[in-house]
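Peer 1: Here's a structure for you.
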């Protein structure tokens, strides 16, 4: 008498990875990745020879990272509708695509590139297209007087998810590594002229203010990332005090 083998139940972590890979292969997501990869090399030819990823931070790896974190937070928030996840994935991968045109104020440009693709694809309603635009624009930030994310509609869970996904490294162990990529990028585009103790101190103080004044927008991000965020803040504060 044969015994039926019960398949092990999929864990949340396994489900997240499976869904991430599934969404990563969507036509629109792959289009955005290719657009970023090729567009950055054209926009910043001198940096394409200096850095493997052209922009050390705001490139294809960042788009993929935000996609992964968006999937993590979405499933943790019980957002499971396939169409919702597709719209979120498009927004995540297009959200910084505007860097292929301009370094500053790139979010509206990224939203325009997403709108252009979605309208040409003929697979999306105008309501969905405008929603993706609003999700992308929710990654805009203000730094003065405090760090603030410009979420258009807090009732839209996808807008809050992408805002958290975009800065998820605030609460991860690779926070300092990502910050170094940002520093090198700012050097590359001329926003920081010299790598000196003074510029490093300014940069670290800027980072400390950002993370100190930042708040998560979803329960999942708070639960998954806040403990490490506190450690990162303490690490930064200690470094600044040590360098005084």
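Every number in this text was worked out from the coordinates using simple rules, so none of it is lab data. Computed from a predicted structure; not experimentally measured. Every residue, glycine as well, gets a Cβ built from its backbone with ideal geometry; the counts of neighbours run over all protein chains shown.
Peer 1: Defining a contact as two alpha carbons under 8 Å apart and six or more residues distant in sequence, what relative contact order in percent does segment 12-243 show?
Peer 2: Numbers: 286 pairs, mean separation 41.6, N = 232.
18 percent.
Peer 1: Measure nothing fancy, just the Cα-based angle from helix 126-137's long axis to the longest principal axis of the chain, in degrees from 0 to 90, nearest 10.
Peer 2: Orientation of helix 126-137: about 30 degrees from the principal axis.
Peer 1: Could I get the Rg over Rh figure for segment 12-243? Both from C-alpha atoms, Rh via Kirkwood, rounded to two places.
Peer 2: 0.96
Peer 1: Let me ask another. Among 117, 103, which comes first, second and so on when ranked by fewest other beta-carbon atoms within 10 Å?
Peer 2: With the fewest neighbours first, 117, 103 line up as 103, 117.
Peer 1: By per-residue mean of other Cβ atoms within 10 Å, what is the highest-first order of 132-145, 81-94? Mind showing how you got there, number by number?
Peer 2: Values: 132-145: 18.7, 81-94: 22.1.
The packing order, highest mean first, is 81-94, 132-145.
Peer 1: What is the distance in Å between the Cα centres of segment 126-165 and segment 16-42?
Peer 2: 20 Å
Peer 1: OK, next. Using the Kirkwood radius over Cα pairs, work out the Stokes-Einstein diffusion coefficient for segment 59-176 at 20 °C and 1.002 mPa s, in µm²/s as a whole number. Please report the intermediate quantities before stating the final value.
Peer 2: Values: Rh = 14.3 Å.
Taking Rh from Cα pairs, D becomes 150 µm²/s.
Peer 1: Ordered by packing density, taken as the mean number of other Cβ atoms within 10 Å over each peptide's residues, highest first, how do 208-217, 68-77 rank?
Peer 2: Working: 208-217: 17.2, 68-77: 23.3.
With the highest mean Cβ count within 10 Å placed first, the list reads 68-77, 208-217.
Peer 1: To one decimal place, what orientation-averaged projected area in nm² is obtained for the convex hull of the Cα set of segment 1-80? Could the numbers behind the result be given before it?
Peer 2: Values: hull surface 31.5 nm².
Mean orientational projected area (segment 1-80, Cα hull): 7.9 nm².
Peer 1: Find how many whole Å separate the alpha carbon centroid of segment 204-224 from the alpha carbon centroid of segment 53-93.
Peer 2: Here the answer is 18 Å between Cα centres.
Peer 1: In what order do 175, 202 fall by count of nearby beta-carbon atoms within 10 Å, going from fewest to most? Could the numbers behind the result be given before it?
Peer 2: On the way: 175 22, 202 12.
By the 10 Å Cβ count, ascending, the order reads 202, 175.
Peer 1: Right, another one. Based on the mean of other beta carbon atoms within 10 Å per residue, what is the order of 157-163, 179-185, 25-31, most packed first?
Peer 2: 157-163, 179-185, 25-31
Peer 1: Then there is this: For the chain, what does the helix formula give at 222 nm: sum of -39500 (n - 2.57) over DSSP H segments with n ≥ 4, over the residue count, nearest 500 deg cm²/dmol? Kindly include the intermediate steps, with their values, before the conclusion.
Peer 2: Numbers: 11 runs with 159 residues, N = 244.
Taking each H run of at least 4 residues, the total per residue is -21000 deg cm²/dmol.
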